[in-house]
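Student: Pasting a structure below so you can have a look.
The values are calculated or read from the model by the stated rules, or taken from the named source; none is laboratory data. As the structure is a computational prediction, the values presented were derived from the model and not from experiment. Cβ: placed from backbone, ideal geometry, glycine included. Neighbour counts: every protein chain shown.
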Amino acid sequence: MTILSDLHALAGRQIAEWSSAVSNYIQALRDEIQKAPLTATQKAEAVELIDEIEAQVASGKPKKGVLSALLASLPAIQSITTIGRALYDVFHGSGLI
């Protein structure tokens, strides 16, 4: 039973770390969108994309194609692209993409 409880604890820590990383990257995207040299309309559209990324993750059953498309649709500004790529890597490492 000790091995099983250890595996369960490890899985719980990994999920918590993954969830924390995703939350941090999503917040970083929101922050960068607000600082980016975009029009109000472009910012609103980018925020909608981030909201949908967050909703996909929160659903518990995110769709790989939808997440990939949403991330690819974010504004092509270096800081946003860098954060989006890091978020993609987290999703990919967890098997979501």
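Student: Cβ-Cβ distance below 7 Å, separation of 6 or more or different chains: which pairs start in the range 60-74 with a residue that is on the phi < 0 side of the Ramachandran plot and end on one that is among the charged types (D, E, K, R) and at pLDDT 90 or above?
Tutor: From the range 60-74, the pairs are LEU70/GLU52.
Student: If you check every pair at least six apart or on different chains, which have Cβ atoms under 9 Å apart with a residue in the range 26-51 that is in contact (Cβ under 8 Å) with a residue 12 or more places away in the chain and assigned to a loop (DSSP other than H, G, I, E, B) first and a residue that is surrounded by 12 or more Cβ atoms within 10 Å (Cβ to Cβ) and of a type in the set (Ser, Thr, Tyr) second?
Tutor: ALA36/SER79
Student: Okay, next question. Those residues that are over 21 Å from SER19 (Cα atoms) and either part of a helix (DSSP H, G or I) or modelled with pLDDT under 90 (or both), I need them from the range 77-89; list them, please.
Tutor: Answer for the range 77-89, where residues must be over 21 Å from SER19 (Cα atoms) and either part of a helix (DSSP H, G or I) or modelled with pLDDT under 90 (or both): GLN78, SER79.
Student: Hey, could you check the range 54-71 for residues that are in contact with a Phe, Trp or Tyr (Cβ under 9 Å, 6 or more places away or on another chain) and not basic (Lys, Arg) and say which is nearest to LYS35 (Cα to Cα)?
Tutor: So in the range 54-71, the residues in contact with a Phe, Trp or Tyr (Cβ under 9 Å, 6 or more places away or on another chain) come out as 57, 62, 64, 67-68, 71.
From what is left, the residues that are not basic (Lys, Arg) are 57, 62, 67-68, 71.
Details: VAL57: 24, PRO62: 28, LEU67: 23, SER68: 24, LEU71: 18 Å.
Taking the candidates together, the pick is LEU71.
Student: Return the residues of the range 34-71 that are within 21 Å of SER19 (Cα to Cα), among the hydrophobic types (A, V, I, L, M, F, W, C) and either touching a Ser or Thr at 6+ places or on another chain (Cβ under 8 Å) or surrounded by 12 or more Cβ atoms within 10 Å (Cβ to Cβ) (or both); say none if nothing qualifies. Can you show your working first?
Tutor: Here is the first cut: in the range 34-71, the ones within 21 Å of SER19 (Cα to Cα) are 47-71.
Applying the additional criterion that residues be among the hydrophobic types (A, V, I, L, M, F, W, C) yields 47, 49-50, 53, 55, 57-58, 66-67, 69-71.
Across the range 34-71, the qualifying residues are VAL47, LEU49, ILE50, ILE53, ALA55, VAL57, VAL66, LEU67, ALA69, LEU70, LEU71.
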